[in-house]
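Notes follow once the structure below has been shown.
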Amino acid sequence: EGDDGSDEAIAASHACILESGEAALEILSSCIREGQESGQIRTDQPWPILSHTTWAHVHGVVALALAQRLKMLEDQYHPALFEATIDVTLRGLRAS
C-alpha cells in the first residue's frame with residue numbers, strides 16, 4: 001500500500017484551517033478589545049470571554065448550516081436566521 005501523499009495533504013489542510021481560525025479569532029478579539037477601550041462594548045466580562053462567546057455563537061449557526069441541520073426551519077427563513085444571529089450577538093456585546 002503506497003503513500004500517495006493524501007495523509008500529508010489532509011494534515012496540511014487541517015493546519016491551514018486551524019491557522020485561519022486562529023487568525024480570525026485574533027481579529028475578533030482585537031475588535032472586542034478596541035470596542036471595550038472605546039466604551040462601545042461592555043466591560044462586565046473580559047475580552048477573552050466575549051471573544052470566545054461571540055465565536056461560538058456565530059460558529060454554531062454556521063456549523064448547523066454547513067451540516068444541513070437547519071432542515072426544521074424552512075429555507076426562506078435562513079437569511080433571517082443568519083441576520084438575527086449577528087444582530088443578537090452585536091446587541092449582546094453593546095455597552096449599556
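The values are calculated or read from the model by the stated rules, or taken from the named source; none is laboratory data. This structure is a prediction, so every number in the text was calculated from the model and none was measured. Virtual Cβ from ideal backbone geometry, glycine too; neighbours counted across all protein chains shown. Side chains included, ligands, DNA and RNA excluded: accessible areas come from the protein's heavy atoms. Shrake-Rupley method; radii C 1.70, N 1.55, O 1.52, S 1.80 Å.
Quick look at the values:
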item: Computed [θ] at 222 nm, helices only, for the chain once each DSSP H run of length n ≥ 4 contributes -39500 (n - 2.57); result: -25000 deg cm²/dmol
item: Cα-derived Rg over Rh, computed across the chain with Rh taken as Kirkwood radius; result: 1.13
item: Of E83, E26, E34, the one that fluctuates the most in a GNM where the chain has Cα springs shorter than 10 Å; result: E83
item: Degrees, to the nearest 10: 6-38 long Cα axis against longest axis of the chain; result: 10 degrees
item: Scattering profile of region 54-96 at q = 0.22, 0.30 Å⁻¹ [log10 I(q)/I(0), Debye over alpha-carbon scatterers]; result: -0.73, -1.09
item: Dipole moment magnitude, nearest 20 debye, the chain about Cα centre, only Lys, Arg, Asp, Glu C-beta charged; result: 820 debye
item: Sulfur and carbon atoms: percent of accessible area, the chain [1.4 Å]; result: 59 percent
